[in-house]
Amino acid sequence: MASLQRQDGTVVTDLQAIQAALAPLGVTLNYWPTGGSARLQALLAQAALNEAEKEELLGHLDHYFQRLKDEQGYQSRDLIVLHEALPGLGEMLGKFDKCHTHADDEVRYIVDGEGIFGFVLPDGQQVELTVAAGDYINVPRDTEHWFRLTPMRRVKAVRYFSSTAGWVPEYTGTPVLF
Ligand SMILES: [Fe+2]
């Protein structure tokens, strides 16, 4: 379940209150249960997955992808699996922990582990949203944000794409105050 931390250290855990706080940015946050399939839970429990296992895991969750295809025209999905022992993890994370935007929406469904999305609110205050298994987030294109892992250093997330364009950050230069 998601939680939102403000710069003054206060934490919001009520989903509706978090949704309201992020609404001015157009950010969508929903809770989608991953389901109780034993095989899915076994795949989620593994730190690393090979390509066949990733595709198998995605297959368990494709009813959500089908809905995004039908309702919003999404075209593809993949699974990102990050864990402490992944070669190049630090370099990869270093691309996204600074304020940036994308030309496309950043749509993620967290299915294991944790991640943190940071945002700059319209009044200039910054917030950090911790997302965990079951949290679906859409960060609209051109919305300034950053991303990092929690000390757990582990996340699995389905990424949904409405185009096949490369996923490149455009840095905005705003300093992260957290
Ligand atoms: Fe991003």
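Residues in the range 95-102 include none that are aromatic (F, W, Y) and farther than 23 Å from P175 by Cβ. When E114 is tested against (1) within 26 Å of V11 (Cα to Cα); (2) open to solvent by 20 Å² or more (accessible area, probe 1.4 Å); (3) away from the ligand (no atom under 15 Å from the Cβ); (4) without any contact (Cβ under 8 Å) to a residue 40 or more places away in the chain, only condition (4) is not met.
Report, by residue number, each residue of the range 135-178 that is within 14 Å of the ligand (Cβ to nearest atom), in a loop (DSSP other than H, G, I, E, B) and open to solvent by 40 Å² or more (accessible area, probe 1.4 Å). Reasoning before the result, please.
As a first pass, look at the range 135-178 and keep what is within 14 Å of the ligand (Cβ to nearest atom): 137-149, 155, 157, 159-161, 165-172, 174, 176.
Keeping just the survivors that are in a loop (DSSP other than H, G, I, E, B) gives 140-144, 149, 165-169, 172, 174, 176.
Matches in the range 135-178: R141, D142, E144, A165, G166, W167, V168, T172, T174, V176.
Reported count of residues in the range 121-134, each being loosely packed, with under 14 Cβ neighbours inside 10 Å and closer than 19 Å to L89 by Cβ, is 0.
Each residue in the range 98-134 was checked for being under 13 Å from the mean Cα position of the chain (by Cα) and not in a strand (DSSP E or B), and 3 of them qualify. Going by what's in this entry, would E91 be described as within 16 Å of the ligand (Cβ to nearest atom), over 16 Å from the mean Cα position of the chain (by Cα), more than 23 Å from Q7 (Cβ to Cβ) and without any contact (Cβ under 8 Å) to a residue 24 or more places away in the chain? So E91 passes the test.
The values are calculated or read from the model by the stated rules, or taken from the named source; none is laboratory data. Nothing here was measured: the structure is a model prediction, and the numbers come from that model. Heads up, the Cβs are rebuilt from the backbone with ideal geometry, glycines too, and the neighbour counts pull from every protein chain shown. Note: accessible area is taken over every heavy atom of the protein model, side chains too, but ligands, DNA and RNA are not part of it. Shrake-Rupley method; radii C 1.70, N 1.55, O 1.52, S 1.80 Å.
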